[in-house]
Amino acid sequence: MSDSMTFSRRSGLSYLDSVRLRAGEDRCRAVFRDILRRNPRRAAAMLNDRLLSFPCLYILRGQAMDARVYKLLSLRDKIALRTIEQVKKPGEKAKCGREKSDPAHSALKWVFVTGSANEIPEDDYEEVIDKAAAALLITYKDKDILKGTADLIFRRGREGRNNHDLIWLLFQVRDAEVLKLIAQRLRSPDRCDADLACELLNLDEKGLDYGKSGEELHSAFIRWLEENDPYLYFTDESFQYSSKPAFSAVDMERKYLHKGLRTYEKEPLVPEDDDEAGCLEVFRQLGDGEQRALSEYSHSIHADGAGYWRRWLHLPPEEQLRAAAAGREVYL
């Protein structure tokens, strides 16, 4: 093994990656082309290297498809190359199961983890990374990449690159952990990160004060999330169809009647009896602001005692609103 190969492995890089990062992509292609010409088996072994990154395979994909090399490639590399083909030729069908033991899962995870860490300005490259993320998050339900996906969204945002598909994917996971990951960026010293986090969390609609420091805003949002988590659901809105999508929302009716959701999916609220039906009918006739005020007050007093809460719930709506504005002690 040459000194340069030994050094690259000690640094945690494959030999081809070390050439690519040190001398550029064209030089990497030239080196690989020379190795392929002299020794196809060695060329395949270099692509099969466990330290190889996906960006390196991507720039060498043309040579990797050479019949002398392709037949010797690992399953990881073949699956990655098929994923590239599915993007470049949309008619190609993906072949993968749903279990994490499926070889495609580990291959796609390699594509995403090594590929998102060092995105390259090649045609269709971002779309390949997004496709791998979609399979991991939607097909395999792999939440290990949630943080990596969030990191990539904000990195692309800072660099002015397209992140709309990834944003949609992240919210399709329908997990409050997604909101917590985004909320961490409220504390970022980078204004671009903080502004994007505010936009994705729809803070202007949650009544949280934009004038607070990032740390205070983060704490305020976490308190809001703890209060509203039982009634939270994720929508299917996206930047593809709206300039200001609401990615998540609170079911005010359920919060008003203190009936949490079993999942983060919107579910119709069916009254258990005539009493609940009457309360709900009155509530639905109110405006959005009044519904929010009553649902928040209902939540706060229920925690202090169900007896008072039930008495308050049966007051006329104008008296409920008066109590919510003045404080619960008015009606004790």
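The values are calculated or read from the model by the stated rules, or taken from the named source; none is laboratory data. Nothing here was measured: the structure is a model prediction, and the numbers come from that model. Note that we place each Cβ from the backbone using ideal geometry, even for glycine, and neighbour counts take in every protein chain shown.
Which one of Leu200, Leu179 is farther than 15 Å from Tyr264 by Cβ and of a type outside the set (Lys, Arg)?
On the way: Leu179 fails: farther than 15 Å from Tyr264 by Cβ.
Exactly one residue qualifies, and that residue is Leu200.
Among the numbered conditions (1) buried (at least 21 other Cβ atoms within 10 Å of the Cβ); (2) more than 13 Å from the chain's Cα centre (by Cα), tell me where Tyr125 comes up short.
In the conditions (1) buried (at least 21 other Cβ atoms within 10 Å of the Cβ); (2) more than 13 Å from the chain's Cα centre (by Cα), Tyr125 misses (1) alone.
Go through the stretch 272-308 residue by residue and tally those that are at pLDDT below 90 and either aromatic (Phe, Trp, Tyr) or in contact with a Gly (Cβ under 9 Å, 6 or more places away or on another chain) (or both).
Residues meeting the conditions: 1.
Could you list, in sequence order, the residues of the stretch 142-161 that are over 18 Å from Lys180 (Cα atoms) and outside any helix (DSSP H, G or I)?
Within the stretch 142-161, Glu159, Gly160, Arg161 meet the criteria.
Somewhere in the stretch 94-105, is a residue outside any helix (DSSP H, G or I), modelled with pLDDT of 95 or more and crowded, with 19+ Cβ neighbours inside 10 Å?
Scanning the stretch 94-105, I find no residue that is outside any helix (DSSP H, G or I), modelled with pLDDT of 95 or more and crowded, with 19+ Cβ neighbours inside 10 Å, so the answer is no.
If the requirement is being assigned by TED's automatic domain parsing to the domain that holds Lys78, within 17 Å of the chain's Cα centre (by Cα) and in a helix (DSSP H, G or I), which of these qualifies: Lys180, Lys109? Can you show your working first?
Details: Lys180 fails: assigned by TED's automatic domain parsing to the domain that holds Lys78.
Going through Lys180, Lys109 in turn, the sole match is Lys109.
Looking at Arg191, is it within 29 Å of Arg82 (Cβ to Cβ) and of a type in the set (D, E, K, R)? Quick ask: steps written out before the conclusion?
On the way: within 29 Å of Arg82 (Cβ to Cβ): no; of a type in the set (D, E, K, R): yes.
No; evaluated as a whole, the condition is false for this residue.
Being touching a helix residue (DSSP H, G or I) at 6+ places or on another chain (Cβ under 6 Å), in the same structural domain as Pro317 (by TED's automatic domain parsing), under 18 Å from Arg310 (Cβ atoms) and small (Gly, Ala, Ser) is the filter here; which residues of the stretch 249-297 pass it?
Result: Ser295, single match.
Using the structure shown, decide if Lys88 is at pLDDT 95 or above, surrounded by fewer than 22 Cβ atoms within 10 Å (Cβ to Cβ) and among the charged types (D, E, K, R). Spell out the reasoning first.
Details: at pLDDT 95 or above: no; surrounded by fewer than 22 Cβ atoms within 10 Å (Cβ to Cβ): yes; among the charged types (D, E, K, R): yes.
It is false that Lys88 is at pLDDT 95 or above, surrounded by fewer than 22 Cβ atoms within 10 Å (Cβ to Cβ) and among the charged types (D, E, K, R).
Name the pairs whose Cβ atoms lie under 9 Å apart, with the first residue in the stretch 281-292 and closer than 18 Å to Pro271 by Cα, the second among the charged types (D, E, K, R) and surrounded by 15 or more Cβ atoms within 10 Å (Cβ to Cβ), and 6 or more positions between them or separate chains?
Phe283/Glu253; Phe283/Glu290; Arg284/Glu253; Gln291/Glu253
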